[in-house]
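The values are calculated or read from the model by the stated rules, or taken from the named source; none is laboratory data. Small disclaimer: the values here were computed from a predicted structure and weren't measured. Here the Cβ is made from the backbone with ideal geometry for all residues, glycine too, and neighbour counts use every protein chain on show.
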Ligand code: AMP
């Protein structure tokens, strides 16, 4: 065990860490900080929640402060690229906290808000700039920013960058960075396509890895309830109402596959008296910020999110992650459940699996090497569900969601659009062939396209993680929902300089007994990890 004070960080940084209440470095910090202090490039394989922001921020701030320089107009000394606005804002906030006793300025730029104000803020230059790729290139194209003074470059969440279709912008950024710089490259997974991307940024890197590739966080209890799509809303509502009432749920993140699906879940929860907010790409930045703030402060206990919007949400105390729909790209599952059990806390992930989602479940279990424990429906589910003020979900609604998403995706283009909108919300009334893998324009299934865009190639099967099924096949079969689907309810240059060739333009019950409970969470009759632990 080492302490921050052993790692050679400057005193003002140690003071800032003390103010935050951090005494011991996390494993990625212990591994990365000494190498980064020496100026080495780094290839980091780590999920969010492992403390990687501090791992790259602390030694970088140390090095910038040790070598003070006057600021250059419209320039920065350190550039951090992040895939989403939320993550960018969060990194900037963390870095401001770590830099608070140093004379270093941090700016943050991302899309979805007017560019003019951000451009003006960059005029005097800054020490650290945290940016999303699209807005960064906009600012460069407007000649409001040059990358020629970058000394330290960080590419965070590289796999998500690829998923979002940022490959071309990243290659452009790579060409605009000075050759002489330190580069840090982080990704939660490292399939070949990401490793190849990394080679464009880093040279002779030190490799640090804190969790084996694509294995799920060990401290998360992972459950699955087999249920028809049309009954998922009732199940979610009952689980949330019960968990919030008996305080077994502190904060819950609910993942839906589509943006319209997220809005629908929020509306239905509101009707049942559960305060929830949605966060996804159709929301304005102000709405996203307000939702995140409410969730962080605790006034909104349930946040319903799509995969892309949720990436990087760092809110401590997320006790539960609900997968209202299973992701068609299994790596997304790892990222989703990584929102809970952050910084050493325990968490619970509960997935709702409709009959046509079973292939996705198999993919997830194969990738993670973990067999999800089946959680039966709550006692009296049918009666409790019938009492909820839920409209009968018409099969047509799911089709409608899927059509809207496809329309949005066509407007947006890019692999992420296919990945998120490819399959629609599922739906009790739809047959399996329809829902699994609609055809993309080039004839391949959309699932296949989403997967390819996500990972470039399939990562190696994970080495670790217990394969454990306490109930065996019999038990699993016994918890299948049997009610029919229809039943109720349910160019890097400053202004003026144009280089040639460049275009412008929880449940605090004891460990092992963490099932949502209460009504709707009526204690399951079957054996689960509770039995295992006892
Ligand atoms: P990250 O992986 O950077 O998103 O960090 C996850 C969470 O852990 C954030 O809330 C950090 O503020 C927190 N954190 C980072 N380093 C430490 C540490 N050494 N001790 C306790 N918490 C930490």
Test for residue 238: is it over 23 Å from residue 48 (Cβ atoms) and touching a helix residue (DSSP H, G or I) at 6+ places or on another chain (Cβ under 8 Å)
yes
Please determine, by comparing only the residues of the stretch 1-11 that are assigned to a helix (DSSP H, G or I) and more than 10 Å from the ligand (Cβ to nearest atom), which one is modelled with the highest pLDDT.
11
Could you list all residues from the stretch 268-306 that are in contact with a helix residue (DSSP H, G or I) (Cβ under 9 Å, 6 or more places away or on another chain) and closer than 16 Å to residue 243 by Cβ?
269, 272, 273, 274, 275, 276, 300, 301, 302, 303, 304
Going by what's in this entry, would residue 38 be described as within 13 Å of the ligand (Cβ to nearest atom) and either under 30 Å from residue 318 (Cα atoms) or in the same structural domain as residue 148 (by TED's automatic domain parsing) (or both)?
no
Look through 150, 109 and report the one residue that is in contact with a helix residue (DSSP H, G or I) (Cβ under 8 Å, 6 or more places away or on another chain), within 29 Å of residue 68 (Cβ to Cβ) and crowded, with 22+ Cβ neighbours inside 10 Å.
109
Can you find a residue that is at pLDDT 95 or above, more than 14 Å from the ligand (Cβ to nearest atom) and assigned to a loop (DSSP other than H, G, I, E, B) anywhere in the stretch 12-35?
no
One residue from 131, 89, 158 being over 22 Å from residue 13 (Cα atoms) and either away from the ligand (no atom under 16 Å from the Cβ) or surrounded by fewer than 23 Cβ atoms within 10 Å (Cβ to Cβ) (or both):
131
All but one of (1) surrounded by 24 or more Cβ atoms within 10 Å (Cβ to Cβ); (2) more than 23 Å from the chain's Cα centre (by Cα) hold for residue 247; which doesn't?
(1)
All but one of (1) more than 12 Å from the ligand (Cβ to nearest atom); (2) in a helix (DSSP H, G or I); (3) over 20 Å from residue 209 (Cα atoms) hold for residue 102, so report the exception by its number.
(2)
Among the listed residues 54, 46, which satisfies the condition of being within 11 Å of the ligand (Cβ to nearest atom) and at pLDDT below 95?
46
